[in-house]
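One structure is given below, encoded as structure tokens.
The values are calculated or read from the model by the stated rules, or taken from the named source; none is laboratory data. Computed from a predicted structure; not experimentally measured. Cβ: placed from backbone, ideal geometry, glycine included. Neighbour counts: every protein chain shown.
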Amino acid sequence: MDGFDALEKIGKEPPAVLVTDLEMPNLNGLELTRRLRSMPRWEALPIVMITSRATDKHRDMASEAGVNLYLSKPYVDTDFLAHLRRLTTTEPKVEVV
């Protein structure tokens with residue numbers, strides 16, 4: 001799937017949280033996030049980015065785009081699920097793990 005596919009699917013069936021990769025064909029996760037954040041309907045949508053990129057540069061770019069949670073691979077599944085529960089039950093905040 002690429003970012004354009006995600007935009008289309010989100011428009012048809014709004015998710016409780018969006019999990020994306022940084023690197024995707026045609027429309028990467030950063031640009032997808034920027035586009036969603038520019039639309040009032042999606043301003044509060046929790047967005048999680050999972051990527052192999054662990055540098056401060058990439059974390060900063062994700063934060064500036066509007067990502068709520070940035071996880072670098074490898075990550076622990078139970079931690080990931082706990083983050084998802086928190087993001088879907090409380091007001092999303094930016095978090096870098």
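Things worth noting here:
- Residues in the range 21-53 that are surrounded by fewer than 16 Cβ atoms within 10 Å (Cβ to Cβ) and within 20 Å of Leu81 (Cα to Cα): Ala44, Ser52.
- Of all the residues in the range 7-20, those that are surrounded by 16 or more Cβ atoms within 10 Å (Cβ to Cβ) and in a loop (DSSP other than H, G, I, E, B) number 1.
- In the range 53-91, the residues that are closer than 15 Å to Glu23 by Cβ and in contact (Cβ under 8 Å) with a residue 24 or more places away in the chain: Arg53, His58, Arg59, Met61, Ala62, Ala65, Val67, Tyr70, Leu71, Ser72
- Residue in the range 72-92 that is part of a helix (DSSP H, G or I), at pLDDT 90 or above and small (Gly, Ala, Ser) present: yes
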